[in-house]
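One structure is given below, encoded as structure tokens.
The values are calculated or read from the model by the stated rules, or taken from the named source; none is laboratory data. Remember, predicted model here, so these are calculated numbers, not experimental data. With ideal geometry, Cβ positions are generated from the backbone for all residues, glycine too; neighbour counts draw on all protein chains shown. Each accessible area value is taken on the protein alone, full model and side chains, heavy atoms only, with ligands, DNA and RNA left out. Shrake-Rupley method; radii C 1.70, N 1.55, O 1.52, S 1.80 Å.
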Amino acid sequence: MREANGIQYLPSPTFYRLISIMKKRSRHTLDQDDPLCCCEYIDRHGGRSHMAACCCDCEDLDEACDRWMKKKPRSPDSLSQVIATINDRLRVPWISGARQVDISVIPPLILLPVFLHIAALHYLLGILVLTAVPIMVLLYYYFTHRKKGRTLFFLSLALFSLFYMFYLFITEIVPRGDVTHLQLAAVTAGVALTVISLIITKRGPGYVRPRPTDTHSTVTYNKPPPDVDAAYLNRAQHQVVIANHEQTGESGTAQQGVQRRNWCAVCKVVRPPRAGHCRICGVCILRLDHHCVWINSCVGQANHRDFLLTLVFFLLTSLYGISLVLRSVCPDQNVMTALFYCPDVYNQFSSALCFTCAWYGSIVTGGLLHLLLSQLINVGFNVTEREARLARREKTARSLLWGLIIDTGVYSRGFRTNWIEFMTMSMASEPSTHKPSDLV
């Protein structure tokens with residue numbers, strides 16, 4: 001408080017908030033080196049915090065509410081700041097400190113069971129829900145794809161769909177007595193193999209590493225930027241490479257020209273042929289095929305075969321499980337026609353729920369079957385999805401079957417040779433050890 005000309009002036013609320021932040025940061029700095037308990041964590045501002053204080057000292061939310069109450073114009077980044085604060089404080093206890101939970105994981109866990117139970121009430125509701133859900137997922141995909149942001153929504157939806165369908169199969173179909181022990185073991189093995197193959201796929205797509213001859217020096221940062229894939233660092237410190245462009249002689253000039261064309265200004269590396277930079281992961285990938293949102297990772301040289309194997313395991317398990325469900329809820333109908341005509345299935349809610357899940361599984365299976373088919377065709381013509389997309393854009397390739405087959409003619413050496421090259425292509429040097437958390 002200060003006084004001038006007999007008038008008292010009080011500091012603004014912003015001044016008190018700044019003082020509070022400075023005091024908290026100075027207090028957190030003193031005990032920053034102390035080990036974290038299971039409920040403590042380091043927040044996005046670098047301060048030490050506790051899960052019990054998740055609703056305390058939220059300056060971003062206070063400022064947004066204050067502007068709304070006073071009818072002031074909203075700050076352009078106020079909403080993103082509030083979402084970032086909520087996402088930072090949404091954590092679960094862990095041994096070495098509370099782990100952050102991505103907020104995009106939660107919606108599928110809530111919405112999928114709700115939508116499926118609503119669709120099981122009546123066949124008209126089933127048509128409406130099973131039509132609206134794929135449309136909403138596609139709209140969310142285009143929204144996130146346009147922003148080039150990473151999200152765990154699709155990976156959460158894929159895993160939860162798999163486990164929720166398996167849960168309903170165990171609790172609703174198996175007790176009916178229509179499934180033998182051998183059939184149950186086959187479905188269980190299919191689910192397990194799908195998850196194991198997914199974990200192997202998530203180990204890494206094969207990253208382009210700086211070569212010693214191209215590196216002049218490196219600058220090391222203790223904390224990686226948010227737009228770089230964490231798997232690329234393998235829990236190590238983030239290093240920014242300062243490249244060496246010095247070349248001598250005619251061969252050096254030619255090599256410099258090639259390096260300039262393949263130079264990535266973001267990763268500061270010279271990309272080998274067929275490598276590409278993923279703007280979502282923020283790194284360069286060897287033989288980049290595409291960024292798959294369903295596994296929250298790129299598909300490249302090191303995990304392309306594992307990705308196809310994951311699709312095969314999932315499709316076989318899904319098709320077999322759907323056939324068992326339809327035989328149980330529609331015993332008088334053929335499996336091929338039961339999905340379209342199953343009388344009296346909505347007379348019992350349990351049967352209607354299983355029938356609805358069979359339809360949901362069929363929609364997902366159809367989409368992934370198209371993905372697997374296009375992948376197998378691309379492998380047969382030795383073209384990646386990224387190369388096919390560029391060829392369509394530049395109209396430099398031969399297109400067949402309404403664009404399903406794209407033949408660039410650059411790397412193709414015949415169907416048999418292309419498959420041999422794909423099955424024997426060298427694996428990128430990736431760490432052999434991985435943790436269950438690598439699934440995310």
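Key figures for this structure:
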{"quantity": "Residue check, Phe314 part of a helix (DSSP H, G or I), under 23 Å from Met423 (Cα atoms) and in contact with an Asp or Glu (Cβ under 9 Å, 6 or more places away or on another chain)", "calculated": "no"}
{"quantity": "In the stretch 340-364, the residues that are surrounded by 19 or more Cβ atoms within 10 Å (Cβ to Cβ) and free of Cβ contacts under 8 Å to residues at least 60 places away in the same chain", "calculated": "Cys342, Val345, Ser351, Ala358"}
{"quantity": "Asn418 being surrounded by 15 or more Cβ atoms within 10 Å (Cβ to Cβ), in contact with a Ser or Thr (Cβ under 9 Å, 6 or more places away or on another chain) and outside any loop (DSSP other than H, G, I, E, B)", "calculated": "yes"}
{"quantity": "Candidates Gly282, Gly300, filtered to the one that is buried (at least 22 other Cβ atoms within 10 Å of the Cβ), in contact with an Asp or Glu (Cβ under 8 Å, 6 or more places away or on another chain) and touching a residue at least 24 places away in the same chain (Cβ under 8 Å)", "calculated": "Gly300"}
{"quantity": "Ile280 vs. criteria at pLDDT below 90 and part of a strand (DSSP E or B)", "calculated": "no"}
{"quantity": "Some residue of the stretch 79-89 being out of contact with any helix residue (DSSP H, G or I) (no Cβ under 7 Å at 6 or more places or on another chain), surrounded by fewer than 13 Cβ atoms within 10 Å (Cβ to Cβ), assigned to a helix (DSSP H, G or I) and in the same structural domain as Phe349 (by the TED database)", "calculated": "no"}
{"quantity": "The stretch 341-383, residues that are outside any helix (DSSP H, G or I) and modelled with pLDDT of 90 or more", "calculated": "Gln348, Phe381, Asn382, Val383"}
{"quantity": "Residue in the stretch 289-297 that is modelled with pLDDT of 90 or more, under 26 Å from the mean Cα position of the chain (by Cα) and of a type in the set (Gly, Ala, Ser) present", "calculated": "yes"}
{"quantity": "Top-ranked residue in the stretch 102-128 [being touching a residue at least 60 places away in the same chain (Cβ under 8 Å) and of a type in the set (A, V, I, L, M); ranked as farthest from Gln348 (Cα to Cα)]", "calculated": "Leu116"}
{"quantity": "Sole residue being in a helix (DSSP H, G or I), open to solvent by 40 Å² or more (accessible area, probe 1.4 Å) and at pLDDT below 55, chosen from Glu246, Glu172, Glu250", "calculated": "Glu250"}
{"quantity": "Search result, residues across the stretch 115-143 that are closer than 12 Å to Cys357 by Cα and either out of contact with any Phe, Trp or Tyr (no Cβ under 7 Å at 6 or more places or on another chain) or part of a helix (DSSP H, G or I) (or both)", "calculated": "Phe115, Leu116, His117, Ile118, Ala119, Gly126, Val129, Leu130"}
{"quantity": "Residue within the stretch 201-224 that is within 30 Å of Ser323 (Cα to Cα), within 19 Å of the chain's Cα centre (by Cα) and either modelled with pLDDT of 90 or more or exposed (fewer than 15 other Cβ atoms within 10 Å of the Cβ) (or both) present", "calculated": "yes"}
